[in-house]
1. Please give the solvent-accessible surface of Ile313 in Å², to the nearest 10, using a probe radius of 1.4 Å with every protein chain present.
2. Probe of 1.4 angstrom, ligands and nucleic acids ignored: what's the accessible area per residue over segment 124-216, in square angstrom?
3. Evaluate E = 1/(1 + (r/R0)^6) for Ser148 and Glu52, where r is the Cβ-Cβ distance and R0 equals 25 Å; express this FRET efficiency to the nearest 0.05.
4. Give a quick list of chymotrypsin sites (Phe, Trp or Tyr not before Pro) in segment 1-106 that DSSP marks as loop, anything other than H, G, I, E or B, with at most 14 other Cβ atoms within 10 Å.
5. Less than 15 Å Cβ to Cβ from Ile128, Lys/Arg counted +1 and Asp/Glu -1: what total charge do the surrounding residues give?
6. When the chain is fully extended, how far beyond the present Cα-Cα distance does Ala225 get from Val211, taking 0.36 nm per residue of separation?
7. List the extent of the Cα atoms of the chain along each of their three principal axes, largest first, rounded to whole Å.
8. Round to a whole number: what % of the accessible area of the chain belongs to carbon and sulfur, probe 1.4 Å?
Amino acid sequence: MTPTRTSDLAIILRQRAPLLTVIAIFLLFYIFYNANHPRGFSTAVYIQNSNEVFALVMVAMAQTVPVLLGGLDLSVGAVMTLVNTLASHLLSGSPLQIAFGFVICLATGALCGFVNGCVVVYGRIQPIIATLATGAIFMGLALFLRPSPGGDVDGDLAWAMTNDLFEIAATYGLFDDGKAAWFVPISWIPVPAILMVAVAVFVWLPFARSVTGRTVYAIGSGESAAYMSGLNIDRAKIAAFTLGGFFAGIGGIYLTLQTSSGNADIPQAGAYTLNSIAAVVIGGTSLLGGVGTAIGSIFGALVLRTISFNFRIFEIDPLLQPLFEGVVLLGAVSIGALGVIRIKNKLELFR
């Protein structure tokens, strides 16, 4: 390998260090969990784990976009809950009705994010304050839609979407009921895992590589400089919050399919919001904005959930879980701060 290629590889590894670190932490925790699980490294365990982590992954992705702008969205849990209660009314009936329900739920999530963006941009209000207020409104709407837990969700759809590919094929009579020779090798893959990859590849990556996505990064790095460069600041902010609402909406729909009900649970919404911030930080996204990726937040969410998996397998008191999560979060923040410390020391040399 030539010195130039070695130097390029070193630069790439340094730039990707936070993402590689969180992936390594996740693999360490998850392999340790599976190695000690009585049914570890089995399809049933993968399905259960992917079901339990999907909603948090989506909410973490929803939180990532506003954080890249340099703000926080305190309404992501409320948006997820609102869509959850709405989906519990709409995801039943004929295939056409269910498809219409999906569209309405996704549009509702995106609309909530759009409202957040408009309040921030045109109301000139800090995102953390604006979303604190709108989050309360969204929870009020959720309580109006579902005053008590319940709902009517298509059973076949819920079963197929929360299992592996074989169950989808068997439920809807696809690929010889899932027994086609080419399909069998991949039939064990959990559907939630595929959905996570699909959302990241087909929604996040195109956005991040678009002009609007790059503008979001530019705003987080320096809004004044981005403005002076002629970038459309307002459009990027509104797009970022709208995309965040869309991600939270996907999480709400999946929560409905997973539980077959809707529940306007205020503590649950708050917990998802706080955990989304933790997942974003663990995933290497800077709370100052401009640095990070939703892919890192996915693995940040996986790390958080894997901690709870290990608590369950070793029957450790759940009350200690926040302590361990806090230690992991502090470690992640400290690793991220090392770069800042180094820059500060260099600047001091020129005083």
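The values are calculated or read from the model by the stated rules, or taken from the named source; none is laboratory data. Remember, predicted model here, so these are calculated numbers, not experimental data. Please note: Cβ atoms are built from the backbone with ideal geometry, for glycine as well, and neighbour counts cover all protein chains shown. All accessible areas refer to the heavy atoms of the entire protein, side chains included, with ligands and DNA or RNA removed. Shrake-Rupley method; radii C 1.70, N 1.55, O 1.52, S 1.80 Å.
1. Solvent-accessible area, nearest 10 Å²: 40 Å².
2. Details: 5180 Å² over 93 residues.
In whole numbers, segment 124-216 has 56 Å² accessible per residue.
3. Details: r = 24 Å, r/R0 = 0.96.
After rounding, the FRET efficiency stands at 0.55.
4. Details: sites: Phe26, Phe29, Tyr30, Phe32, Tyr33, Phe41, Tyr46, Phe54, Phe100, Phe102; in loops: Phe41.
Those that pass, being in a loop and sparsely packed, are Phe41.
5. Numbers: positive: Arg124, Lys237; negative: Asp73.
Cβ neighbours under 15 Å give a net charge of +1.
6. On the way: separation 14, 0.36 × 14 = 5.04 nm, distance 1.57 nm.
Here the segment from Ala225 to Val211 would lengthen by 3.5 nm.
7. Result, largest extent first: 69, 50, 43 Å.
8. Numbers: 12020 of 17380 Å².
Carbon and sulfur atoms account for 69 percent of the accessible area of the chain.
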